[in-house]
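Scroll down for the structure; my scribbles are underneath it.
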Amino acid sequence: MSKYYITTPIYYVNDVPHIGHAYTTIAADVLARYHRLKGEKVFFLTGTDEHGQKIADAAAKAGKKPKDFVDGLIPSFKDAWKLLNISYDHFIRTTDDHHQKAVLEIIKLCEKNGDIYLGEYEGLYCKGCERYYLERDLVDGKCPMHLTAPIHMKEESYFFKLGKYQDKLLEFYKANPGFLSPSYRAEEIINRVKEDLKDLSVSRTNLSWGIPFPVGTGHVTYVWFDALTNYISGIGWPQDMKKFNQLWPADCHLIAKDISWFHEVIWPAMLMSAGIELPKKVFVHGFLTVEGQKMSKSLGNFITPQELVGRFGVDPTRYFLLSYIPFGQDGDFSEAQLVTRVNGEIADAYGNLLSRVATLVEKNFQGQWPASGKFTELENDIEKAANELESQVDKSLAGLEFNKALEQILGFLRAVNKYMTETQPWKITDKDRLGTVLYTVLEGLRVGTNYLAPFIPATTENAAKQLGQKISLEHAKFDRDTKGVVKKGEVLQKKLEAKKQDSPFAKLNLRVAHVVTAAPHPDADKLLVLKINLGNEERTLCAGLKAFYKPEELVGKHIVVVSNLKPAKLRGIVSQGMLLAADKNGVVKVLEAPGAEPGAPVTLPGVKPNTQEITIDDVMAIKLTTRMKKTVFDGQQLVTPTGDVVVDIEDGATIR
Ligand code: ME8
């Protein structure tokens, strides 16, 4: 029996998962399910990355011990994966005992091979990435991923002789062209390895939240050396070598482009040093963006899987994420597209076809699958198209072209729809001919259901039940003697409705801003001039708050601003946006979003922020008010991705 071992990154547990994490995990799940349905021995590993500076900082901020902090977040990952029907075989945590032992073991093997030495490191460290950057890799002095300035660090450190593996890595890439996937991303890595491969600092002394480094004393293991090892510790290495040998090398490590260097350069070099075979493939997919912006925890604009599933359901979410965006490329998340595709494809082309044929089979054959009878050219064409799916989908999924595989399956289902429209079974009086037509549609649906099963497991389970069949891809061909009982059941996919964007609120683009400085306007009695940080940009605002706040009282607050307001000059200073404050009986208080990151969107559930510029009249026409120290529009409460917008004022205040 052939085997298939697939992994996702182990995600940082500094916060709850968002749809970027779900994207990789759903893709891995589709591959795992596909290979399982083909009868292969599959192992699907996911988990969490729990050590390092970033987690230690998040725990400190939450006032918790790191282990208690990460323990508290694990359910949010496991629940999200359960909700999304993720069929992982093992959930690894880097705080697991067996994993920690494996990390010590791999370091010892590298040391034995002469690849670990003591030195000193001085450089610029980004905590978000948990890595050092060279000056030349920064953009405007900031980390290109997190848009924050790295900190200067100097420490005694153990090093891994990464540089020693430069030629070996280049030889390996050449001999294994499928390793760096997709191929159009390979060149960048190859060039960077060719250019310069510096030794890697793999221990830290100014951090205690990690696995003690097994060489010397007082060091903890660099979080990436720890994390990457999960791919072998998660399948038993080194204590259960029988299991390990059955599954290793991994068939595919699935990741996004933010962490390709670690997986395509550092990880293979570690394995070479430890004398362990290398994985077959690292597949790097693109980023999901929301409103054209990278979605990230640090930018605070993330959508959680729970939000999407709550609005659209599990299978529409799974289906859309993989059908809409070519997997290797970046793509913007669009609700309108989700609704269109799910309605046209799952509800109509698939669900409606099943419902129509099931009605006819129940009416004319008491629910029994009719005999296939005599095929004409029309039936032969459907049979041929069904039989072509196997090689088409195999090839698409081998290249992780999920959208292409779905196009092929949908193309086939559309052909079956067309066949049904053309043959018009509701008009056929000859029972044998009617049987042949209905058989062909049923069998087409059976084949289509099997191929859709990895993508939309619950929907296809429902369809298989109605068709009286079991899902499997071990026998994927179109048969002429399938038997069973058809029983019409619950609609496969209800039509989804897009949220209306006609609310006046939809004109706004509200964002959280951190007040950096505040000072009186030099030429206006009532105005204060604020410098604010919107996550990835700084702006100047003028606000009529001088009578209500001392400048220093505003500094450090996380306020709410209308970020798409046309800039206006106020007594010589250009105000780029407007802050929102509540006003009641002469008391004026600014709106605050204390827990949210600068730049985070402030929205009403289901209403997308506008990207067009608006005027002050547009803003004035929108009636926001307060209720129980929260802010509301039309009875609905304003939210950020991490909580509510609050204002310490009486109910019924006017906000502007
Ligand atoms: O990097 N679009 O963890 P992480 C698509 N712990 N995918 C996204 C995404 C987005 N906007 N945002 C995140 C780490 N991802 C390390 C990994 S592995 C040994 C250690 C997905 O929580 C994508 O798979 O930052 C990306 O590579 C991963 O989450 C990063 O997750």
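The values are calculated or read from the model by the stated rules, or taken from the named source; none is laboratory data. The shown structure was predicted, so the numbers you read here are calculated from the model rather than taken from an experiment. For neighbour counting, all protein chains shown are included, and Cβ atoms are generated from backbone atoms with ideal geometry for every residue, glycine included. Ligands, DNA and RNA are stripped out before the accessible areas are found, and what is left, the full protein with its side chains, is counted by its heavy atoms. Shrake-Rupley method; radii C 1.70, N 1.55, O 1.52, S 1.80 Å.
(1) modelled with pLDDT of 95 or more; (2) open to solvent by 80 Å² or more (accessible area, probe 1.4 Å); (3) not assigned by TED's automatic domain parsing to the domain that holds Lys363: which one isn't true of Asp432, the others all being true?
(3)
Does Gly484 satisfy being surrounded by 15 or more Cβ atoms within 10 Å (Cβ to Cβ) and not assigned by TED's automatic domain parsing to the domain that holds Ile346?
yes
Does Gly411 fit the bill of being under 14 Å from Leu354 (Cβ atoms), surrounded by fewer than 15 Cβ atoms within 10 Å (Cβ to Cβ) and out of contact with any Phe, Trp or Tyr (no Cβ under 8 Å at 6 or more places or on another chain)?
No, not satisfied.
Answer yes if at least one residue in the stretch 342-350 is assigned to a helix (DSSP H, G or I) and surrounded by fewer than 15 Cβ atoms within 10 Å (Cβ to Cβ), and no otherwise.
The answer is yes; a qualifying residue exists.
Tally time: how many residues in the stretch 227-261 are small (Gly, Ala, Ser), in a loop (DSSP other than H, G, I, E, B) and within 16 Å of the ligand (Cβ to nearest atom)?
The total comes to 2.
Identify the residue in the stretch 280-297 that is more than 10 Å from the ligand (Cβ to nearest atom) and either modelled with pLDDT under 75 or among the polar types (S, T, N, Q) (or both) and, among all such residues, is surrounded by the most Cβ atoms within 10 Å (Cβ to Cβ).
Glu291
Conditions (1) touching a residue at least 40 places away in the same chain (Cβ under 8 Å); (2) touching a helix residue (DSSP H, G or I) at 6+ places or on another chain (Cβ under 7 Å); (3) open to solvent by 60 Å² or more (accessible area, probe 1.4 Å), marked per residue:
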residue	(1), (2), (3)
Lys569	no, no, yes
Glu597	yes, no, yes
Asn610	yes, yes, no
Ile622	yes, yes, no
Met628	no, no, yes
Phe633	yes, yes, no
Thr640	yes, no, no
Gly652	yes, no, no
Ile655	yes, no, no
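Conditions (1) of a type in the set (D, E, K, R); (2) within 12 Å of the ligand (Cβ to nearest atom); (3) not assigned by TED's automatic domain parsing to the domain that holds Pro279, marked per residue:
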position: Ala32; (1), (2), (3): no, no, no
position: Arg36; (1), (2), (3): yes, no, no
position: Lys54; (1), (2), (3): yes, yes, no
position: Lys61; (1), (2), (3): yes, no, no
position: Gly72; (1), (2), (3): no, no, no
position: Phe77; (1), (2), (3): no, yes, no
position: Tyr88; (1), (2), (3): no, no, no
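Filter the stretch 579-595 down to the residues that are under 17 Å from Val645 (Cβ atoms) and open to solvent by 30 Å² or more (accessible area, probe 1.4 Å), then identify the one that is nearest to the chain's Cα centre (by Cα).
Top of the filtered list is Gly595.
Count, please, the residues in the stretch 212-225 that happen to be over 28 Å from the mean Cα position of the chain (by Cα) and either open to solvent by less than 50 Å² (accessible area, probe 1.4 Å) or of a type in the set (Lys, Arg) (or both).
6
In the stretch 636-650, what residues are within 19 Å of Lys623 (Cβ to Cβ) and part of a loop (DSSP other than H, G, I, E, B)?
Across the stretch 636-650, the qualifying residues are Leu638, Val645, Val647, Ile649, Glu650.
Going through the stretch 547-563 one residue at a time, which ones are open to solvent by less than 40 Å² (accessible area, probe 1.4 Å) and either assigned to a helix (DSSP H, G or I) or closer than 15 Å to Gly535 by Cβ (or both)?
Hits for the stretch 547-563 are Pro551, Leu554, His558, Ile559, Val560, Val561, Ser563.
Do we find a residue being open to solvent by less than 10 Å² (accessible area, probe 1.4 Å) and touching a residue at least 24 places away in the same chain (Cβ under 8 Å) anywhere in the stretch 237-244?
no
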